[in-house]
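Notes for the one structure printed next.
The values are calculated or read from the model by the stated rules, or taken from the named source; none is laboratory data. Just so you know, these numbers come straight off a predicted model, no measurement behind them. In this analysis, Cβ positions are derived from the backbone assuming ideal geometry, glycine residues included, and neighbour counts consider all displayed protein chains.
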Amino acid sequence: MIAARGGNIELRSRDERLRDPLRTDWSDLLESDCLHIVENGLVQQPGVLNTTLAYLPPFYHLDPHGVLAHSSAGHARFDPATIDQGQAQKLWDNLQHRFVERRWSRYDQPKERSAIPEGCVAIFLQGDTPQRWGTAHCDPEVMVRSVAAQAKDRPVVIKAHPSFNPKAEQQMIHALQAEGLKLIPTHANIHDILAACSVTVTFNSAVALEGFLHHKPAILFGKSDFHHVCETVIDPKKFHDHLTRALSAQHDYQHFLYWYFSTFCLALDHPGLDMDILQAFTNQGFSPDRLGLRAGPWEFERASNAISAAKTLTRYLKDRPGVRSVRILETLKFSSKSWVFSAKLNGERVVIKRFFNEDRAHTVRSLNGELLRLEKTFADSDCQANRYRMAWPEDGIAILSHAPGPRLDKKIAGAQGRSRQKLLQHAGRWLATYPGDRRRSSTFGPGFWIKRCLSRDHDAIAPEDRALLDRMIAALRVQNDHVKGCSVVQAASHGDYVGMNAHYHRGTICGVDIQGEYWGALAREAARFLVWQQIHDSARPSERTHGLVTQDVQAFLSSGVLPKIEHDTTFPFFAGEQLYGRFVEDYHRTDIRANTRAAMTSYLSQHCK
């Protein structure tokens with residue numbers, strides 16, 4: 001950003017005295033006439049900003065006070081009443097998808113699912129970092145002993161940190177087990193642990209914030225800047241008192257995370273990131289003029305509407321090599337996460353995508369790689385995807401071919417009888433063809449998806465519909481014992497394959513809005529497609545299976561997209577899970593609410609007798 005504006009940058013190795021928590025004067029280390037950005041710094045003086053990853057990507061500190069446990073957030077007051085519910089919900093949904101649904105974390109996690117004792121106390125070790133930074137109230141061994149002694153009848157699960165000398169931490173755990181402490185060591189994916197545990201225990205780890213996404217309270221044995229919704233243990237002998245309070249607390253994690261990340265951090269995927277950074281510089285007395293910065297030749301400034309975004313994008317593209325002419329035709333999507341426009345580029349109809357996420361270069365490269373792979377997978381068949389045309393990954397821009405014809409969901413809705421069945425079988429065949437050989441067999445864990453349903457925001461749901469949703473949960477739980485551990489095919493597929501994300505033209509289905517390699521259960525993809533079609537189609541069927549048009553289900557599954565055994569196991573379960581999710585997510589859509597309610601009522605008549 002600075003280089004694009006003609007500024008001067010000097011990179012230095014950090015003097016470790018800039019991280020000394022006991023130091024109060026740094027004037028001999030940093031020139032007062034320069035703006036200094038210190039990675040993982042604790043410096044508090046004019047003209048200095050401290051930065052590092054703020055626990056969870058894509059958020060970073062750019063803070064004049066410090067980072068992490070020393071950031072400005074630690075001294076601020078959290079008032080959930082001041083938070084915008086809509087904005088908080090958007091961030092919550094984004095974090096749920098990024099971390100919980102993908103079972104993803106900062107450090108590599110096992111892909112296989114692990115059984116964790118329900119209701120356990122989960123300890124997450126952090127190496128010696130809290131002690132070195134002066135934020136710990138005790139050492140790790142004291143923390144573990146205190147928890148093990150005071151957890152009462154709750155199992156204690158403990159996980160070593162994956163990057164801070166895990167061997168030494170494992171040796172400590174084994175030594176304590178040899179003394180008779182009841183500890184259950186695990187290398188499980190942290191989201192398996194968080195889903196099962198009753199509370200997390202750390203010094204001040206990012207895993208506590210990930211626990212909030214599972215609605216799990218946190219007990220901290222150290223100083224933190226997110227203590228507002230945690231229990232903080234100063235005296236290890238009183239851990240059980242803190243445990244009791246944590247288990248009965250009713251913290252608003254959704255509003256807290258929005259307050260913390262939007263107030264005290266910068267998001268690398270925010271369209272106005274450049275301007276946010278420049279404002280932080282200005283607040284420290286270093287305006288763009290003082291830094292000698294000019295406007296970038298093609299900077300993506302904050303766009304308040306789609307018209308402004310289209311103009312900015314046009315200016316950018318006109319300067320790109322290989323672009324002779326460009327004309328924006330239609331706005332397909334305008335949000336803080338991405339822009340999507342239909343356009344004419346060099347005389348060809350195309351789709352232009354602009355991503356704002358932290359790893360946008362990776363997103364564009366993954367998208368392009370996926371489309372190039374699909375050209376070979378689909379070859380000359382009647383199953384296709386739009387094609388890669390141009391890309392500038394570092395700027396988050398991909399240009400794709402335009403998919404001709406009407407949307408597939410509208411084509412299906414307008415067809416009847418044999419024509420409709422052929423379209424649905426074709427749609428199933430598209431999904432079956434997409435993964436190629438990227439498939440694997442796994443065992444099904446339905447409990448995760450039940451908890452995922454329960455974690456959604458139900459505040460806007462009317463009481464009578466809440467009762468309907470409660471019955472849906474009961475129906476899913478009835479199926480849980482039947483389908484838990486059964487075989488499920490996972491594959492790298494579309495990830496959001498519904499009728500609006502495909503077009504039909506002259507006997508060919510062309511998939512669109514492909515984001516890159518996405519692994520998931522094919523049964524969930526099939527259920528998602530059919531549920532979407534059901535709730536957006538005005539047809540009221542006389543015969544239903546799992547709440548869906550019986551002939552639609554039969555036609556789609558006749559494509560061979562799923563093994564026959566999953567027709568009666570994972571598919572019915574995911575049909576219910578998708579109906580539940582769509583009803584909650586689209587509750588504001590009065591035009592489809594009745595359709596979804598009718599589908600759920602039919603589903604319950606079959607699965608909750």
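Here are a few things to note about the model shown:
- Condition check for PRO404 on (1) under 30 Å from HIS426 (Cα atoms); (2) not in a loop (DSSP other than H, G, I, E, B): one failure, at (2).
- Verdict on GLU375 being of a type in the set (Asp, Glu), crowded, with 19+ Cβ neighbours inside 10 Å and out of contact with any Cys (no Cβ under 9 Å at 6 or more places or on another chain): no
- Residues of the range 573-599 that are closer than 24 Å to SER542 by Cα and either outside the structural domain of THR545 (by TED's automatic domain parsing) or touching an Asp or Glu at 6+ places or on another chain (Cβ under 9 Å) (or both): PHE574, PHE583, ILE592, ARG593, ASN595, THR596, ARG597.
- ALA81 vs. criteria of a type in the set (A, V, I, L, M), surrounded by fewer than 16 Cβ atoms within 10 Å (Cβ to Cβ) and closer than 24 Å to TYR260 by Cα: yes
- VAL144 modelled with pLDDT of 95 or more, out of contact with any Gly (no Cβ under 9 Å at 6 or more places or on another chain), under 30 Å from LEU22 (Cα atoms) and in the same structural domain as PHE221 (by TED's automatic domain parsing): yes
- Output for the range 113-139, where each listed residue is among the small types (Gly, Ala, Ser) and over 12 Å from THR202 (Cα atoms): SER114, ALA115, GLY119, GLY134
- Of the candidates ILE565, ILE592, the single residue that is surrounded by fewer than 18 Cβ atoms within 10 Å (Cβ to Cβ), not in a loop (DSSP other than H, G, I, E, B) and not polar (S, T, N, Q) is ILE565.
- Every condition in (1) over 19 Å from the mean Cα position of the chain (by Cα); (2) closer than 28 Å to TRP430 by Cβ is met by VAL326 except one, and the failing one is (2).
- Some residue of the range 494-517 being among the polar types (S, T, N, Q) and more than 16 Å from HIS402 (Cα to Cα): no
- Residues considered: ALA206, ALA168. Of these, the only one that is of a type in the set (Gly, Ala, Ser), within 23 Å of PHE448 (Cα to Cα) and either assigned by TED's automatic domain parsing to the domain that holds LEU42 or surrounded by fewer than 22 Cβ atoms within 10 Å (Cβ to Cβ) (or both) is ALA206.
- Enumeration of residues in the range 343-359 that are surrounded by fewer than 15 Cβ atoms within 10 Å (Cβ to Cβ) and in contact (Cβ under 8 Å) with a residue 40 or more places away in the chain: GLU348, ARG349
- Restricted to the range 1-20, and to residues there that are under 33 Å from the mean Cα position of the chain (by Cα) and assigned to a loop (DSSP other than H, G, I, E, B), the residue that is surrounded by the fewest Cβ atoms within 10 Å (Cβ to Cβ) is LEU11.
- In the set PHE256, PHE221, only one residue is more than 17 Å from LEU62 (Cα to Cα), touching a His at 6+ places or on another chain (Cβ under 8 Å) and surrounded by fewer than 21 Cβ atoms within 10 Å (Cβ to Cβ); that residue is PHE256.
- Highlighted here are the strands (runs of 3 or more DSSP E) found entirely within the range 155-253 that include at least 3 residues which are in contact with a Pro (Cβ under 8 Å, 6 or more places away or on another chain) and not aromatic (Phe, Trp, Tyr): 156-159.
- Test: residue in the range 481-498 that is assigned to a helix (DSSP H, G or I), more than 17 Å from GLY428 (Cβ to Cβ) and among the basic types (Lys, Arg): no
- Of the residues making up the range 418-440, just one is part of a helix (DSSP H, G or I) and aromatic (Phe, Trp, Tyr), namely TRP430.
- Within the range 378-398, tally of residues that are touching a residue at least 40 places away in the same chain (Cβ under 8 Å), in contact with a helix residue (DSSP H, G or I) (Cβ under 7 Å, 6 or more places away or on another chain) and in a helix (DSSP H, G or I): 1
- Only listed residue being touching a His at 6+ places or on another chain (Cβ under 7 Å), at negative phi and of a type in the set (S, T, N, Q), chosen from GLN126, GLN131: GLN126
- Qualifying residue in the range 21-33 (condition: closer than 25 Å to PHE356 by Cβ, touching a strand residue (DSSP E or B) at 6+ places or on another chain (Cβ under 8 Å) and buried (at least 17 other Cβ atoms within 10 Å of the Cβ)): no
- Flag if PRO572 is buried (at least 16 other Cβ atoms within 10 Å of the Cβ) and without any contact (Cβ under 8 Å) to a residue 24 or more places away in the chain: no
- The set of residues in the range 444-480 being of a type in the set (Asp, Glu) and assigned to a helix (DSSP H, G or I) consists of GLU464, ASP465, ASP470.
- Checked against the criteria, LEU522 counts as touching a Pro at 6+ places or on another chain (Cβ under 8 Å), aliphatic (A, V, I, L, M), crowded, with 18+ Cβ neighbours inside 10 Å and modelled with pLDDT of 95 or more.
- Matching residues in the range 254-287 - criterion: being at pLDDT 90 or above, farther than 30 Å from PRO217 by Cβ and in a loop (DSSP other than H, G, I, E, B): GLN284, GLY285, PHE286, SER287
- Applying the set (1) among the aliphatic types (A, V, I, L, M); (2) under 22 Å from GLU394 (Cβ atoms); (3) touching a strand residue (DSSP E or B) at 6+ places or on another chain (Cβ under 8 Å) to LEU293 leaves exactly one unmet item: (3).
- Scoring PRO406 on the criteria (1) surrounded by fewer than 16 Cβ atoms within 10 Å (Cβ to Cβ); (2) within 24 Å of TYR434 (Cα to Cα); (3) under 29 Å from the mean Cα position of the chain (by Cα) leaves a single failure, condition (3).
- All of (1) crowded, with 18+ Cβ neighbours inside 10 Å; (2) among the polar types (S, T, N, Q); (3) assigned to a loop (DSSP other than H, G, I, E, B) hold for THR363 with one exception: (3).
A quick yes/no check of all residues on (1) among the small types (Gly, Ala, Ser); (2) under 30 Å from GLY520 (Cα atoms):
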position	(1), (2)
SER32	yes, no
LEU42	no, no
PHE59	no, yes
LEU62	no, no
ALA69	yes, no
THR82	no, no
GLY86	yes, yes
PHE99	no, yes
CYS120	no, yes
